[in-house]
1. Looking at segment 1-43, which of its residues are assigned to a strand (DSSP E or B) and either surrounded by 19 or more Cβ atoms within 10 Å (Cβ to Cβ) or on the phi > 0 side of the Ramachandran plot (or both)?
2. Anything in segment 95-107 that is of a type outside the set (S, T, N, Q) and without any contact (Cβ under 8 Å) to a residue 24 or more places away in the chain? List them, or say none.
3. Which condition from (1) modelled with pLDDT under 95; (2) under 14 Å from LEU3 (Cβ atoms); (3) surrounded by 15 or more Cβ atoms within 10 Å (Cβ to Cβ) is the one that PHE50 breaks?
4. Return only the number of the condition from (1) within 14 Å of GLY80 (Cα to Cα); (2) out of contact with any Phe, Trp or Tyr (no Cβ under 9 Å at 6 or more places or on another chain) that PHE4 does not satisfy.
5. Any residue at all in segment 115-123 that's surrounded by 24 or more Cβ atoms within 10 Å (Cβ to Cβ), assigned by TED's automatic domain parsing to the domain that holds ILE193 and of a type outside the set (A, V, I, L, M)?
6. Name the residues in segment 59-81 that are surrounded by fewer than 18 Cβ atoms within 10 Å (Cβ to Cβ) and farther than 15 Å from ILE193 by Cβ, would you?
7. Go through (1) modelled with pLDDT under 90; (2) outside the structural domain of ASP191 (by TED's automatic domain parsing) one by one and return the number of the condition THR43 breaks.
8. How many residues are farther than 16 Å from ASP91 by Cβ and in contact with a strand residue (DSSP E or B) (Cβ under 8 Å, 6 or more places away or on another chain) if we restrict to segment 38-68?
Amino acid sequence: MKLFKLTNENGQTYNRTQWGENVTHETSGNGELCGPGWLHAYTHPLLAVFLNPIHANFTNPQLWEAEGEVGKENYGLKVGTTKLTTIQRIDLPEVSNEQRVKFGILCAMEVYKEEKWVKWAKSWLDGTDRSKESSYAPYAPYVAYAPYAAYAAYAAYAAYASYAAYRNDIAAYASYAAAYTTYTIFYTPIDLIKLAKLAVEGELND
């Protein structure tokens, strides 16, 4: 199936594996997805851009169209394959800071339903009020540290991270919002590609 591989400006990943046109690598498929037994890829170019800050965090990334069969998944964040071929380099989608924030907020809204936060999120998304005076700083970061309240913690931290994307380190926190949203997937299936497209191309619909 068609996949997308992110590398640094030299066409390499952090373990110095060299990629390029019609380059194929194979691995064993042993171990966890983040280990050396798997080759990592994305299912959509926008996910590669939005999630780069919490994965490879390449400063000047290159994006490659690739082919491979998915053997492991991480809740839609990235996939693993034991054989991957990078076919050709393609343009990296350009996303604005506003679109990164929107992506983070849209992800968090899938799982976090606290009334005041949702009101703030909707007003930011539809553009009716983005003033600092209207910003709602949720109590989510405190909830997120509860070690065994997995669903509540992850949902809350997704909300906090989307808020922090607006206030602080936009790229990283927007990515964290998406990641923590997906960790609640056993309760709520999340279509990250749909949300990424909505953040870049669409408008907020009730």
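1. If we filter segment 1-43 for residues that are assigned to a strand (DSSP E or B), which is where we start, we get 2-7, 12, 18, 23-26, 39-42.
Correct list: LEU3, PHE4, LYS5, LEU6, THR7, LEU39, HIS40, ALA41, TYR42.
2. Of all residues in segment 95-107, those of a type outside the set (S, T, N, Q) come to 95, 98, 100-107.
GLU98 - this is the single residue of segment 95-107 that is of a type outside the set (S, T, N, Q) and without any contact (Cβ under 8 Å) to a residue 24 or more places away in the chain.
3. That leaves (2) as the condition not met.
4. (2)
5. No - not one qualifying residue is present in segment 115-123.
6. THR59, ASN60, PRO61, GLU65, GLU67, GLU69, GLY71, LYS72
7. It fails just one condition, (1).
8. If we filter segment 38-68 for residues that are farther than 16 Å from ASP91 by Cβ, which is where we start, we get 38-41, 43, 51, 53-57, 59, 67-68.
Pick out the ones that are also in contact with a strand residue (DSSP E or B) (Cβ under 8 Å, 6 or more places away or on another chain) and you get 38-41, 43, 51, 55-56, 67-68.
Qualifying residue count, segment 38-68: 10.
The values are calculated or read from the model by the stated rules, or taken from the named source; none is laboratory data. This is a predicted model, so every value here is computed, not measured. Here Cβ is always computed from backbone atoms with ideal geometry, including for glycine, and neighbour counts include all displayed protein chains.
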